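Derivation of every value follows stated rules applied to the coordinates shown; laboratory data play no part. Bear in mind the structure is a predicted one, so any value in this text is a computation, not a measurement. So basically every Cβ, Gly included, is an ideal-geometry build from the backbone, and we count neighbours across all protein chains shown.
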Amino acid sequence: MTSRIHERQIVRHRLAQACCALLSFALLFPVVGCAAHPHAIVIGSKNFTEQLILGELFAQIIEAHTHLPVERRFYLAGTFICQQAMLAGRIDIYPEYTGTALTAVLKQPPGGNKQEVYAHVRDAYETKFNLAVGPPLGFDDTFAIEIRGDDARRLHLTTLSQAAAYTPQWRAGFGYEFMERADGYKGLATSYGLRFAEPPRVMDLGLLARSLVQKQVDLIAGNNTDGLISALDLFVLEDDHHYFPPYEALAVMRREMLKMHPEVKQALDLLAGKISDDDMRRLNYAVDGQHRDPVTIVREFLAAHNLL
Amino acid sequence: MSATPISLASSNGSAIEFDRVFFSLNGRPLLENLTLSVSQGETLVLLGRSGSGKTTTLKLINGLLMPVEGEVRVSGRSTRTWDPIRLRRSIGYVIQDGGLFPHFTVERNIALVPRIEGWDRQRIEARVRELLELVGLDVELASRYPSELSGGQRQRVGVARALAADPPILILDEAFSALDPITRSEMQKEFRALQRRMRKAVVFVTHDLREALLLADRIALMEEGRVVVNLPMAEFRVSQHPLVRAYREAFSGPEETR
Amino acid sequence: MDLLHFISTNRQQVIELTIEHITLAGVSTLIAALVGIPLGIAITRIPALSKPVIGSANVIQTIPSLALFGFLIPAPWIGERAERLAILALALYGLLPLIRNTYAGIRGVDPGVVEAGRAMGLTDRQLLFQVELPLASGVIVAGVRIAAVLSIGLATIAAAIGAGGLGEFIFRGLAMVNNQVILAGAIPAALLALAADFLLGLLERRLTSLQSRS
């Protein structure tokens with residue numbers, strides 16, 4: 001008679017038990033999470049070699065100069081993702097470039113010299129995002145117009161304006177993005193009055209350096225800090241018209257984290273101006289060309305500069 | 001807050017009146033020139049085959065349908081002017097197989113209208129017990145679900161539910177047609193006894209002549225949306241109207257034409 | 001096993017990303033239910049609306065998820081934070097199963113029972129809450145189950161736009177060409193989906209059996 005009522009009551013009881021279990025399980029997470037680690041400093045980076053090296057630099061210098069635990073979250077897939085992660089508090093620090101911050105994050109047109117761009121980015125990041133920006137690390141990862149070292153020496157070329165005289169006899173090779181961007185090839189050609197023997201060859205970034213060395217092309221656009229520049233005896237022409245915006249590398253940091261741990265900023269400031277264009281190229285080459293471990297080469301670098 | 005009892009009858013004593021009602025659906029006429037009345041205390045049986053318009057007639061009483069022409073009056077007021085909710089709560093409705101809510105216990109099913117009318121718990125509990133007894137069901141069944149009951153038990157619950165708020169009018173649509181003959185016969189007799197006690201205005205739809213003869217005070221025979229014959233039971237039984245004869249023959253074999 | 005080692009050394013991150021993932025999927029499914037169930041109820045009342053409503057939900061379904069995430073990035077307020085964007089997009093995807101199941105569930109209730117209820121004088125609201133919704137609850141919960149599992153799966157893609165969650169392991173692992181990291185994201189996500197499917201399936205079955213045939 002009462003079996004049906006009883007059954008229903010059992011079911012209701014079980015359901016209630018299940019809900020309680022789920023709820024407590026869900027609530028447990030934050031507790032367990034917090035207990036597992038006192039808050040570590042999370043360092044993010046994008047997914048190419050230079051970013052991994054810079055991220056590792058930040059991590060090791062903080063580990064060396066503070067007592068704080070550090071967590072690495074490298075290989076984040078791009079600027080947008082890093083920015084979102086900063087805003088959400090998922091990462092505390094990551095390496096960024098002034099030019100990228102200006103155009104990709106703040107969505108403003110490129111323009112201005114290094115100091116102007118840096119100041120503008122620093123101020124805008126503080127007011128808009130409540131993020132702090134560290135001092136420039138010392139190198140500029142801007143676009144680099146490269147020619148063979150032989151040609152540079154033979155023709156006594158140091159600047160792009162000088163090279164413009166010879167380009168009608170040369171062939172150029174560029175990557176897809178450089179060809180498409182408004183502040184890429186088109187603007188460059190206009191600024192320097194460049195003309196080439198034939199339309200530029202478009203090819204994969206990885207093949208550009210090799211084509212230059214093998215004389216299939218005479219001029220390419222690469223990155224200023226490419227590891228292969230010295231190794232392949234390539235020469236970077238000076239951008240005397242200041243056509244390319246500056247891409248000075250620095251650390252972007254969460255101000256909340258800095259309020260709690262001001263020693264983090266002190267540690268990172270030790271890197272100010274310590275990494276020259278050449279230094280970065282060598283570090284990139286060690287990983288890309290010699291396939292060495294980023295952790296080791298960063299430690300060596302810091303030791304060599306008495307930063308450990 | 002319980003419902004105020006409905007005033008029992010209009011000035012001429014009829015609880016339900018159909019006044020030259022015409023009803024059609026999607027252009028198809030279903031009822032034509034329907035005129036009849038049911039007094040308080042009277043049981044009218046609507047007899048007819050499937051499609052004759054019996055169920056449509058019932059639905060015009062409780063406002064599920066509205067006449068296209070003419071007027072249906074309940075307790076002297078046109079169904080067009082009644083608040084449909086109040087109208088329906090004043091009419092008990094029993095359908096084939098009960099129409100019980102499968103997710104309610106027997107008790108909750110019976111208590112439905114009293115609950116939504118805001119009766120207090122004690123009154124409802126007492127009423128449910130009273131009704132279970134009235135329809136001949138064991139009080140222990142109150143906590144069962146319809147799926148656990150037999151067809152006859154479900155039908156009794158359906159009747160109990162219809163009677164719960166003590167409405168002055170009861171309409172039943174083939175209420176006993178799905179039951180086995182023995183149960184059916186029991187239900188008919190019990191219903192007849194209930195009727196004599198309660199004196200409600202009852203409209204009972206069936207296609208079964210014997211049921212009609214057993215339960216009716218009056219019988220209205222419907223065919224193709226019209227009332228063809230409308231007579232007190234005793235007269236109907238011996239009427240020589242061709243359709244009535246056809247019915248009698250269908251139930252008991254051919255008659256001799258005197 | 002290497003994967004277990006990776007998970008235990010990176011416990012903090014795994015837990016954090018799992019909570020983010022559950023939040024993304026949970027909040028979006030909740031929103032989808034809060035919007036989709038009333039919409040489903042509305043179209044049972046106003047049949048003229050059923051085609052446009054279900055049609056719109058269908059169209060949303062056909063947009064590839066990554067594309068929808070991308071469209072919404074320039075939107076004011078929503079696009080500023082990836083989590084908001086992801087939750088909105090995931091909620092949009094959850095609408096169709098909830099609207100459709102609510103609609104089908106209510107329409108699937110025995111019309112005889114509904115008519116009996118109406119004939120006894122239940123108001124539309126009483127019919128809805130006391131008869132139709134309880135009897136349709138099993139099917140509606142099935143809709144929630146579908147939306148939840150869908151959300152958990154799509155939330156992995158949300159990491160591509162920076163919303164976090166277990167997808168972040170997957171994308172990082174792809175960039176690092178490191179299977180451990182990929183699996184550290186993929187396996188918990190799959191387990192979450194299975195758990196949601198199982199638990200909601202249990203609830204669905206209970207509700208359906210409680211409302212069994214008359």
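General observations
- Stretching residue A:305 away from residue A:186 to a fully extended chain increases their span by 38.7 nm, per 0.36 nm per residue minus the current alpha-carbon distance.
- Selection from B:185, B:135, B:22 lying farthest towards where the dipole of chain B points positive, charges on Cβ: B:22
- If you take the Cα centroid of region C:26-62 and the Cα centroid of region C:103-127, the two points sit 20 Å apart.
- Point-charge dipole on Cβ atoms (K/R +1, D/E -1) for region C:54-165, about Cα centre, debye to 20: 100 debye
- Given charges at beta-carbon only (K, R positive; D, E negative), |dipole| of region B:20-149 in Debye: 500 debye
- Burial ordering of A:213, A:70, B:38, fewest other beta-carbon atoms within 10 Å first: A:213, A:70, B:38
- A simple charge model with +1 on the Cβ of Lys and Arg, -1 on the Cβ of Asp and Glu and nothing else charged puts the dipole of chain B at about 420 debye relative to its Cα centre.
- Phi to ³J(HN,Hα) by Karplus 6.51 cos²θ - 1.76 cosθ + 1.60 over region A:168-174, Hz, x for Gly, Pro: x, 9, 9, 10, 10, x, 9
- Note on chain A: helix-only mean residue ellipticity at 222 nm, from DSSP H runs of 4+ residues weighted -39500 (n - 2.57) and normalised by residue number, equals -14000 deg cm²/dmol.
- Added length on full extension, which subtracts the Cα-Cα distance from 0.36 nm per residue, residue C:75 to residue C:63: 2.6 nm
- The GluC sites (Glu not before Pro) of region B:153-229 that meet both conditions, a loop assignment by DSSP and at most 16 other Cβ atoms within 10 Å of the site Cβ, are B:224.
- Projecting the Cα positions of A:75, C:152, B:102 onto the charge dipole of the protein assembly as shown (unit charges on Cβ atoms of Lys, Arg, Asp and Glu, taken about the Cα centre) puts B:102 furthest along the positive direction.
- Listed from fewest to most Cβ neighbours within 10 Å, the set B:245, C:125 follows the order C:125, B:245.
- Chain C: DSSP helices with Cα axial extent of at least 30 Å and average Kyte-Doolittle hydropathy no lower than 0.5: C:11-45, C:82-107, C:133-158, C:179-210
- Helix runs (DSSP H) in chain B reaching 20 Å along axis by Cα, Kyte-Doolittle at least 1.6: none
- With contacts taken as Cα pairs under 8 Å at a separation of at least 6 residues, chain C carries a relative contact order of 28 percent.
- Which listed pairs, of A:215/A:274; B:54/C:51; A:114/A:186; A:128/A:274; A:186/A:274; A:46/A:114, have C-alpha distances above 25 Å, in listed order: A:215/A:274; B:54/C:51; A:128/A:274; A:186/A:274
- Relative exposure of A:92, A:240, judged by other C-beta atoms within 10 Å (fewest first): A:240, A:92
- Mean Kyte hydropathy of 0.0 or more with a Cα span along the axis of at least 30 Å, helices from DSSP in chain A: A:3-36
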